[in-house]
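The values are calculated or read from the model by the stated rules, or taken from the named source; none is laboratory data. Quick caveat: nothing in here was measured; it's all calculated off a predicted structure. A quick note on method: Cβ atoms are made from the backbone with ideal geometry, for glycine too, and the neighbour counts reach across all protein chains shown.
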Amino acid sequence: MATTGIANFTLTRDDVIKASLRLLRELGAGAVPTIEDYLNCNQALNIVLKAWQKKSIPLWKLDEIGFPLLSGLVSYPIGIAGGVPVTEGLVIVEAGTDGTDGTYYANILDDVDGALSTTVQFTVENGGLTLIEVVSPSTAATGYTDPYLDTPAEWPTDSYVSISLAGLVTPRPLRFRDAWIRVDETSQDTQLIQIARQDYNQFAQKTQAGVPNQYWYDPKLDTGIVTVYNAPSDYTRTFYGIVQVPIFDMVATTDNFDLPQEWFQAIKWGLADELSLEYGCPPDVRGEVAAKAARFLEDCFDFSVDEAPVYFSVDRSGR
């Protein structure tokens, strides 16, 4: 028996829209939807995909993220406004010499396009840097990985400032599944305990310095906030987490889905179910489509689970 040896079947946005409309008998074989139909169906398709994010955590939407912990900083933005310069991320490594004494301002620039991101204030005493801090918040906190200082003439020569960004520029995580911190030098990991907002609020000394052992996550809208306890006492550790990331939007005609092949059936029937009332389908058709859509979706979530075994043993402790 000859097989193709090919397993890369895929569908575009328009393929699914046409297939769903055919299911509802709103589109004949070989026919093409109107522009208005494409727009309406694309909106419905994105609504369906976003709603599925509430049901469970598909395995392929679990990602590992990581960002450095900064001494004294407890909250880290994770999302489209993450990865911002903060005072805690500015460390004077070398004070330098021959600077002009006084207090001045410098700009932190985007490493990608050189755009202004943040303004910092720095102080020079006896020719060397003694203080540097953020005085205006980031206004262009997307795109860069390594910001740099646009230093004025008063800046000391041979000085060196380390700039660490707080948080991470990434699609906003929906929720955390796991988190740990890693000692940068030894790669030793320590598990973190996830707590609720109320638990965190009950801590009296929220800025108490030490090694973080707990965290809570506020997903918010565009940018979530990870808050750790204790406040990091140094710059030697990195926060890591396993997070559920959003299903990407469908926008263009030829966009492929941010879902694997085994979900195509559920997408086709799920979109048809969403459209059936809007397109005035008879109740018996709506009922059949809804039943199949629910079954196919349940099959997908049942399939998308960890395969690690669970072991049970007899409790011999005598309790």
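So the values come out like this:
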| item | result |
| --- | --- |
| All positions within region 32-57 that are farther than 15 Å from Ile267 by Cβ and in contact (Cβ under 8 Å) with a residue 24 or more places away in the chain | Tyr38, Asn40, Ser56, Ile57 |
| Check on Thr223, in contact with a Pro (Cβ under 6 Å, 6 or more places away or on another chain), modelled with pLDDT under 95 and of a type outside the set (Gly, Ala, Ser) | yes |
| Every pair of residues 6+ apart whose Cβ atoms lie under 8 Å, when the first sits in region 112-126 and is closer than 20 Å to Asp101 by Cβ and of a type in the set (Asp, Glu) while the second is modelled with pLDDT of 85 or more and surrounded by 15 or more Cβ atoms within 10 Å (Cβ to Cβ) | none |
| Matching entry among Ala166, Ala179 (being at pLDDT 95 or above and closer than 30 Å to Lys54 by Cα) | Ala179 |
| Residue match in region 34-47 (condition: touching an Asp or Glu at 6+ places or on another chain (Cβ under 7 Å), closer than 23 Å to Thr223 by Cβ and modelled with pLDDT of 95 or more) | yes |
| Subset of region 59-78 that is aromatic (Phe, Trp, Tyr) and either out of contact with any Leu (no Cβ under 9 Å at 6 or more places or on another chain) or surrounded by 15 or more Cβ atoms within 10 Å (Cβ to Cβ) (or both) - its residue that is nearest to Thr238 (Cα to Cα) | Phe67 |
| Search result, residues across region 183-222 that are among the acidic types (Asp, Glu) and closer than 11 Å to Arg237 by Cβ | Asp184, Glu185, Asp189 |
| Glu88 being among the acidic types (Asp, Glu), under 30 Å from Arg197 (Cβ atoms) and at pLDDT 95 or above | no |
| Yes/no for Ser56 being crowded, with 20+ Cβ neighbours inside 10 Å and of a type in the set (Gly, Ala, Ser) | no |
| Filter result (of a type in the set (S, T, N, Q), touching a residue at least 24 places away in the same chain (Cβ under 8 Å) and closer than 17 Å to Pro68 by Cα) within region 223-255 | Thr227, Ser233, Thr236, Thr238 |
| Pair list, Cβ < 7 Å and 6+ apart or interchain, from region 97-108 residues that are of a type in the set (Gly, Ala, Ser) and surrounded by 13 or more Cβ atoms within 10 Å (Cβ to Cβ) to residues that are part of a strand (DSSP E or B) and modelled with pLDDT under 90 | Ala106/Leu149; Ala106/Asp150 |
| Test for Val161: is it modelled with pLDDT under 95, outside any loop (DSSP other than H, G, I, E, B) and aliphatic (A, V, I, L, M) | yes |
| Selection within region 5-28 - of a type in the set (D, E, K, R) and under 15 Å from Met250 (Cβ atoms) | Arg13, Asp14, Asp15, Lys18 |
| Single residue of region 257-286 satisfying the filter (surrounded by 13 or more Cβ atoms within 10 Å (Cβ to Cβ) and out of contact with any helix residue (DSSP H, G or I) (no Cβ under 7 Å at 6 or more places or on another chain)) that is nearest to Leu49 (Cα to Cα) | Asp258 |
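Let's see how each residue does on (1) out of contact with any Gly (no Cβ under 8 Å at 6 or more places or on another chain); (2) within 22 Å of Leu59 (Cα to Cα):
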residue	(1), (2)
Leu174	yes, yes
Asp178	no, yes
Ile181	yes, no
Glu185	yes, no
Thr190	yes, no
Ile195	yes, no
Tyr200	yes, no
Lys206	yes, no
Val211	yes, no
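A quick yes/no check of all residues on (1) under 30 Å from Leu109 (Cα atoms); (2) loosely packed, with under 15 Cβ neighbours inside 10 Å; (3) out of contact with any helix residue (DSSP H, G or I) (no Cβ under 6 Å at 6 or more places or on another chain):
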| position | (1), (2), (3) |
| --- | --- |
| Thr157 | yes, yes, yes |
| Val169 | yes, no, yes |
| Pro173 | yes, no, yes |
| Asp178 | no, yes, yes |
